[in-house]
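Taken together, the values in this text are just the output of simple stated rules run on the coordinates, not laboratory data. Every value quoted in this text rests on a predicted model; they were computed, and no experiment measured them. Cβ placement follows ideal geometry from the backbone for every residue including glycine, while neighbour counts extend to all protein chains displayed.
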Amino acid sequence: MSEDGASGSERVWLITGASSGFGRAIADAALGRGDRIVATARSTGPLDDLSGGERTHVIGLDVLDAQQRDAAVAEAVEHFGRIDVLVNNAGRTQVGAVEETTDEELRSLFDLHFFAPAALTRAVLPQMRSQGSGAIVQMSSVGGQITAPGFSAYCATKFALEGFTQALRDEVAGFGIRTLIVEPGAFRTGLFRSGAAYASAEMPEYADTVGPTRDYVRNGHLAQPGDPAKAAAAIIEALDADEPPLLLGENQGPNAGEYLLQALAACLTGTIVYHAAARGIVLEGLECTIEGDADLQGFLGLDEAVRPGFQQIRVAFKASGDFDDDELAELARLVRYSPVRDTVINPVPLAIDLARA
């Protein structure tokens, strides 16, 4: 095996939340590359097919338990002799307005999304420093860059994790340790499945703003366009690069502007559908076109990686169904003043038109 395990011919991966979604996809991709994996999960039943293999090792791990975290790292090193890649993947969805979210709910999510990954990162660093190589992969989210009503707690944890990791990169680069922040958008994982997505107690005052987000989560399980296997392949490719990026996500790179426009279009479409249903307005069809005048000097990220800005964005909706002009005008008013219009990076003039098809 290459001495540089982070980019060499064979790696040992320690993956949290490996029983499904991104975690399992990354485990499968690593095995497909010829690497060895330590797959962890609170419930190891879904990992039975990985137990007992020469290149696989399964550990029961609740990442919130400090003793279990330390024991898992020690067991991984004892079993395979090293850890080349730590993937902090364990997590969940939480929906709730700021006022709806209790201190207990907020602290619990920070424990899972921030403090546990931070502790596991610290736990593997001595081993990686002694090896002179390693990689820390933080599974963040597009919610680590942009927000939406109802995702305040979720996005706050991801923002915190990304800031932590950006500082970490400069601290450990001299030891041969690389860092990668992964910012996936909507992928077909178990994040929205029944029982997995947590929702704070609803307040009627936030029905118009957080309601569309709740509906998106409740009805979105496995309806997302993204394929976790493709995301896993992208992570492998990034770590194989001579100079891995700090950020890997759909809102970086040459297609970033188009991604952000489509994300905004999806949010605004969901808002119209929600308000129509809440008011008994029958929509039989709703078509959306969106375009923006790009300003690539609008936002500069780390390493001079350009993230897109826009001088102006124009959105046009064509609706068909059983509604009168007053109802159509009301829907247009609601979508124009919806908070989801601010989910694109950098506030920009946004023209929204809703007309009859």
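Run the quick spin-label model on Ser9 and Ala316: label points 7 Å from Cα toward the beta carbon, then report their separation in nm to one decimal.
Distance between the two pseudo-spin positions: 5.8 nm.
Rank these for me by crowding, Tyr154, Tyr274, going from fewest to most other beta carbons within 10 Å.
Going from sparsest to densest Cβ surroundings: Tyr274, Tyr154.
Let me check I've understood the local charge: for Arg33, count other residues with C-beta under 13 angstrom from its C-beta, Lys and Arg +1, Asp and Glu -1. What total comes out?
Net local charge, Arg33 excluded: -3.
Suppose R0 equals 30 Å. What FRET efficiency, 1/(1 + (r/R0)^6) with r the Cβ-Cβ distance, do Glu243 and Arg122 give to the nearest 0.05?
With a Förster radius of 30 Å, E is 0.75.
Counting other C-beta atoms within 10 Å, and keeping those with at most 12, which DSSP coil GluC sites (Glu not before Pro) do you find in region 91-141?
Counting only loop positions with at most 12 other Cβ atoms within 10 Å, the GluC sites (Glu not before Pro) in region 91-141 are Glu99.
So how far apart, in nm, are the two label points at Asp48 and Thr102 if each is 7 Å from Cα heading toward Cβ?
3.6
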